[in-house]
Each structure stands twice: as C-alpha cells, then as structure tokens.
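The values are calculated or read from the model by the stated rules, or taken from the named source; none is laboratory data. Predicted, not measured: the structure shown is a model, and the values here were computed from it. Cβ coordinates were reconstructed from backbone atoms using ideal geometry, including for glycine residues, and neighbour counts include every protein chain displayed.
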Amino acid sequence: MLDEEGFKELPSSDCLQAVDATWLVLNVLTNGCSTTDAQPVGVTKIAKSVIAPLAEHNVSVLMLSTYQTDYILVREQDLSVVIHTLAPEFNIYQEVNGELIHVMHEEASNGFLKPKQVSLTVHPVQSPQNRFCILSLNPDSLPAIATTLIDVLFYSNSSSREPASNNQDLESIRFFAISLIEGYISIVMDTETQKMFPRDLLLTSSSGELWRMVRIGGQPLGFDECGIVAQISEPLADADISAYYISTFNFDHALVPEEDISKVIQVLQKRQESGR
C-alpha cells in the first residue's frame, strides 16, 4: 500500500501488479483525537460500529492496523455509500489542505447506495505456529537497522511451508510487515526474525506481549468481495478478544494475543461450521 504520489514515482514494470481502484483512508478518532500516542484500539473495537455496517451495504474494505492506530481503506467509488452508512453514528470529517472539514449527511445520496449483502462467503482460516511481535521504531533510528532490514526483506532464506493436512494449522510462515505513516513506523515480525535486530531500538508495550496469527483465505481473496474483515472481527468482538489486522494483496491476517489463540480458533471454527 502506498499513496498516490508514491505510486507515480514507481518505474513502469511488467512485474508490478496493481489493483484497478483508488482507495481512501478512514481513521476512527476517539473524542475527536487520534490514537497515535497509544496502543492500537484493535479492529474488534470498531467491528460493530464501522466494519459490519459497511459489509452489510456491500462495501469492500482493506484493514491496516499499526502500532499507533487503525486504518480502514475503502474504494473512492464507494465513498458516498460509506458516508451514508456511517453518518448516523459518526461525525465524518474530510481532510482538506491539512484541515478537517465536517461532511454533512445530506451530501451522501441514497441513489448511490448498493443493495444490501444477503450472504457472505465464509473463508477458511489457518494458524501458523510462529509467535509474533508488534513493534515500533523511532524514525531517527531507522538508519541503524537499515542493513538488517534490507537483509530481512530481500535476502532472508526463510520460506513458507505447506499447510498441515487438517487445513487449520500451518508450520511457521514468513511474515514481515513494516509501515511508515505520518512519520510513525510500525513493524510486525516473528520472534526468530526479531533476534536479528538490536533490541534496544525496537519499542513494544511494557508487557512485551506476544501474538499468534490467523490467516484468512485458502487462496488469494481478491478485492471485490466484502465482509472478509467482518468475518473475523465480529466473532472476536463478541468474544471480547482484541486483534491487530493486516490486509495484504493476497490474504488477510489477524494477530491475537498468544493466550487467546485456542479460544480464537474455536470461535472461528464455530463460525465456519455455521456458514455465517
């Protein structure tokens, strides 16, 4: 994921595959303030109020959790539907020249609403055995880890293994995610990869919590289907389990506290068996 200006700077290449849509970023603020100075609220905290209503109105979303906050990406063409759907519950603001301008409910036309989604595809979930860390980094420290970062991104010999026969468990998989948003850096890596980095530079919560992952989708998901994030976030919200969620080009990933992984698998298996 990168902004439009960054995309324009990319050289043309037959190896580069891009989604044929422009996406806009929604950031949920608490009491009018961003959560950039706190731990992420987690996708489950906005499951009922934001993600589920958008799924019901057939709006496809991508989700990106960071160390500081959570972002929902929606296609630009769906903006009127998003505003109409969320305006009854939220004050919606659009950033214009660095200022937040209130968007009136009446500016969203009912004529652009899509029909409500009747049923959602329930995708399989798999749980790799890795343990993961959610970390942050002071931008001034980025040059100190640049060599290690390049090694991990481009020269690591780690590789994914084949899924176990029960299709619920994976052996350790290679997963490394780094985001740079408004100067804030977030990194997700497994505990083995973390050993390659200087521990005094990577910031984490005081509890040093470890996370396990559930990966959604037995094959690449695409971008037209809606309700994928809701499939995970709603049952976890009902079970009061926090999650850190990352949508990627092929699959979606939810990280949950390590001590909750057994309960998470049970909850999601039950959801899958019910087909809802």
Applying the selection to the range 231-245, what residues are touching a Ser or Thr at 6+ places or on another chain (Cβ under 7 Å) and surrounded by fewer than 22 Cβ atoms within 10 Å (Cβ to Cβ)? Ile241, Ser242
Residues located in the range 27-76, provided they are modelled with pLDDT under 75 and either within 28 Å of Phe176 (Cα to Cα) or outside any loop (DSSP other than H, G, I, E, B) (or both): Leu29, Thr30, Cys33, Ser34, Thr35, Thr36, Asp37, Ala38, Gln39, Pro40, Val41, Gly42
Count of residues meeting criterion [in a helix (DSSP H, G or I) and either loosely packed, with under 14 Cβ neighbours inside 10 Å or aliphatic (A, V, I, L, M) (or both)] in the range 83-104: 2
Residues in the range 171-201 that are at pLDDT below 90, under 20 Å from the mean Cα position of the chain (by Cα) and among the aliphatic types (A, V, I, L, M) total 1
Residue satisfying all of: in the range 1-23; touching a helix residue (DSSP H, G or I) at 6+ places or on another chain (Cβ under 8 Å) and part of a loop (DSSP other than H, G, I, E, B); surrounded by the most Cβ atoms within 10 Å (Cβ to Cβ) among these: Ala21
If a residue must be of a type in the set (Lys, Arg) and touching a residue at least 24 places away in the same chain (Cβ under 8 Å), how many such residues does the range 192-231 contain? 2
If we keep just the residues of the range 202-223 that are among the aliphatic types (A, V, I, L, M) and within 15 Å of the chain's Cα centre (by Cα), which is surrounded by the fewest Cβ atoms within 10 Å (Cβ to Cβ)? Leu221
Restricting to the range 231-249, name every residue that is more than 22 Å from Gln219 (Cα to Cα) and β-branched (Val, Ile, Thr). Ile241
